[in-house]
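Student: This is the structure I have questions about; it appears just below.
We did not get these values from a lab; they are worked out from the coordinates using the rules stated. Here the structure is a predicted model, which means the values were calculated and not measured. Don't worry about glycine lacking a Cβ; one is built from the backbone with ideal geometry, like all the others, and counts go over all protein chains shown.
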Amino acid sequence: MTIPKLLVLGTGGTIAGAARSATGKSYGAGEVAIESILADIAKLGLEVELEPRTIARIGSQDIGWKEWDALHAAIADAQSDDSITGVIVTHGTDTAEETAYLLDLTLAAGKPVVLVGAMRPADAVGADGMRNFANAVRVASDADAGERGVMVVMGDTVFAASDVRKAATSNVDAFRGFPRGPIARVTPSSLDWFAPAHRVNTDARYPWPETLPRVAILTAGAGMDEKPVEALLGIGCKGIVIAGMGQGNAPRTVLGALEAAVQSGVPVVRSARVDEGMVDRNVEVDDDARGFVAARALGPAKARILLMVLIASGITDAASIQAAFDRP
Ligand code: SIN
């Protein structure tokens with residue numbers, strides 16, 4: 001039997017976090033080198049060859065263009081390297097959904113790409129990183145994992161990039177999937193897919209951009225006025241995602257300012273500040289008349305990623321943006 005070889009790209013996060021006290025609360029994300037994590041994993045005796053590479057050693061709140069560009073290039077290289085079976089990215093959990101979705105939109109399907117993190121630092125009592133990593137190895141080595149796009153493995157659960165979101169600040173069981181729930185259950189020795197692969201023979205949906213435009217998320221709140229929208233336009237935002245109330249709603253004055261933004265050439269996507277659910281067109285807000293896009297199943301963080309990618313690809317008219325959100 002050939003032993004699978006996985007490229008492991010380290011970016012930091014709590015999975016590489018050190019607290020220096022097994023029971024303390026505070027810790028530093030990204031302090032443990034990827035080589036040191038893999039030295040611990042080697043003790044598990046998994047039948048896999050792991051090739052480490054450091055992309056960054058940061059908390060994922062600081063991830064951005066530089067790290068995304070390096071990740072995309074490394075994964076694209078690995079996809080054309082016959083000696084590599086799959087890729088694991090160790091990542092902070094705070095923005096894992098954003099990195100996973102950005103890569104999912106811009107990479108071809110074919111080889112497994114798995115993001116993995118942890119909710120507890122490596123030296124905490126009950127640390128979850130080792131098990132999550134062993135589960136990620138199980139997924140990234142699986143012959144049936146390649147045509148499912150980028151995935152996130154947390155706990156004993158596998159999520160597709162377009163569904164996953166962080167839903168709890170500190171529970172070990174912190175991730176949820178919408179509109180699909182998990183796409184598989186995994187343990188270090190078992191993997192059960194719940195449905196057939198969903199990205200069979202697909203190329204990258206969008207080209208990797210040369211840079212990403214400034215797109216802001218604005219959370220709607222009761223009593224809010226139009227000034228925050230005007231401020232975003234004032235700093236040169238190329239797109240706005242409103243994290244609206246209920247089905248993506250906002251006070252009348254805010255909707256008016258957003259409509260003016262659309263008229264000035266800045267696309268506006270309505271998503272919801274509510275944890276879960278669809279945001280459909282023309283329910284309470286007249287999207288047709290105002291020129292807005294409805295985020296459908298995407299929450300604000302992923303809606304921002306998709307809007308950035310679309311604008312970077314030259315797609316700026318509401319109908320074409322809506323078509324992309326209808327098929328995230
Ligand atoms: C981070 O996102 O880097 C910190 C939080 C975590 O990894 O759980």
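Student: Only bridges whose two residues both fall in the chain count here: according to DSSP, what percent of them are antiparallel, nearest 5? Please list the in-between numbers first.
Tutor: Values: 16 of 48 bridges.
Approximately 35 percent, going by the DSSP bridge assignments.
Student: Which of the trypsin sites (Lys or Arg not before Pro) found in the stretch 198-260 are in a DSSP loop and have at most 14 neighbouring Cβ atoms, other than their own, within 10 Å?
Tutor: Counting only loop positions with at most 14 other Cβ atoms within 10 Å, the trypsin sites (Lys or Arg not before Pro) in the stretch 198-260 are 214.
Student: To the nearest µm²/s, what D does Stokes-Einstein give for the chain at 37 °C and 0.692 mPa s, using the Kirkwood radius over alpha carbon pairs as Rh? Could you put the intermediate results ahead of the total?
Tutor: Numbers: Rh = 20.3 Å.
Estimated diffusion coefficient is 161 µm²/s.
Student: Where the eigenvalues come from the Cα gyration tensor of the stretch 5-193, what are the semi-axes √(5λ) of the equivalent ellipsoid, largest first, in whole Å?
Tutor: They are 22, 18, 17 Å, listed largest first.
Student: Quick one: if the Förster radius is 22 Å, what FRET efficiency do residue 81 and residue 210 give, using the C-beta to C-beta distance and rounding to 0.05?
Tutor: Values: r = 24 Å, r/R0 = 1.10.
That gives a FRET efficiency of 0.35.
Student: Select from 20, 120, 138 the residue whose mean-square fluctuation is largest in a Gaussian network model of the chain (Cα-Cα springs shorter than 10 Å).
Tutor: 20
Student: Next question, about the same structure. Have a look at 70, 21, 3 and report the one farthest towards the positive end of the charge dipole of the stretch 1-133, computed about the Cα centre with Cβ charges (Lys/Arg +1, Asp/Glu -1).
Tutor: Toward the positive end, the furthest listed residue is 21.
Student: Students often get this wrong: which residues of the stretch 228-263 have the backbone nitrogen under 12 Å from the point 7 angstrom along Cα-to-C-beta of residue 283?
Tutor: Under cut-off, by backbone N: 244-250.
Student: Additional query: How much length is gained if the chain between residue 70 and residue 39 is pulled fully straight, taking 0.36 nm per residue apart and subtracting their Cα-Cα distance, in nm to one decimal? Could the numbers behind the result be given before it?
Tutor: Numbers: separation 31, 0.36 × 31 = 11.16 nm, distance 2.37 nm.
Extra length from residue 70 to residue 39 when fully extended: 8.8 nm.
Student: I would also like to ask the following. Which residue fluctuates most in the GNM of the chain (Cα springs below 10 Å): 86, 221, 239?
Tutor: Ranking 86, 221, 239 by mean-square fluctuation puts 221 first.
Student: Per 0.36 nm of contour for each residue apart, how much would the distance between residue 21 and residue 49 grow if the chain were fully extended, relative to their Cα-Cα spacing?
Tutor: My answer for the length gained is 7.0 nm.
Student: Taking R0 as 51 Å, what FRET efficiency do you get between residue 201 and residue 170 from their Cβ-Cβ distance, rounded to the nearest 0.05?
Tutor: Details: r = 40 Å, r/R0 = 0.79.
Calculated value: 0.80.
Student: Find, among the chymotrypsin sites (Phe, Trp or Tyr not before Pro) in the stretch 173-280, those assigned to loop by DSSP (not H, G, I, E, B) with at most 13 other beta-carbon atoms within 10 angstrom.
Tutor: Filter output for the stretch 173-280: 194.
Student: For the stretch 253-328, what are the per-bin percents of Cα-Cα distances with bins 10 Å wide, up to the bin holding the maximum?
Tutor: Bins of 10 Å from zero give 20, 57, 23, 0 percent of pairs.
Student: Suppose R0 equals 35 Å; then what is the FRET efficiency for residue 131 and residue 274 from their Cβ-Cβ distance, rounded to the nearest 0.05?
Tutor: Working: r = 32 Å, r/R0 = 0.90.
Step by step, r from the Cβ atoms, then E = 0.65.
Student: A further question on this structure: Of 46, 258, 310, which has the largest mean-square fluctuation in a 10 Å C-alpha GNM of the chain?
Tutor: Result: 46 has the largest fluctuation of those listed.
Student: If exposed means no more than 16 neighbouring beta carbons inside 10 Å and the site is in a DSSP loop, what's the longest run of the chain without any exposed GluC sites (Glu not before Pro)?
Tutor: The longest such stretch corresponds to 48-209.
Student: While we're here: Dipole size in debye (nearest 20) for the chain around its Cα centre, Lys and Arg Cβ +1, Asp and Glu Cβ -1?
Tutor: Computed charge dipole of the chain: roughly 460 debye.
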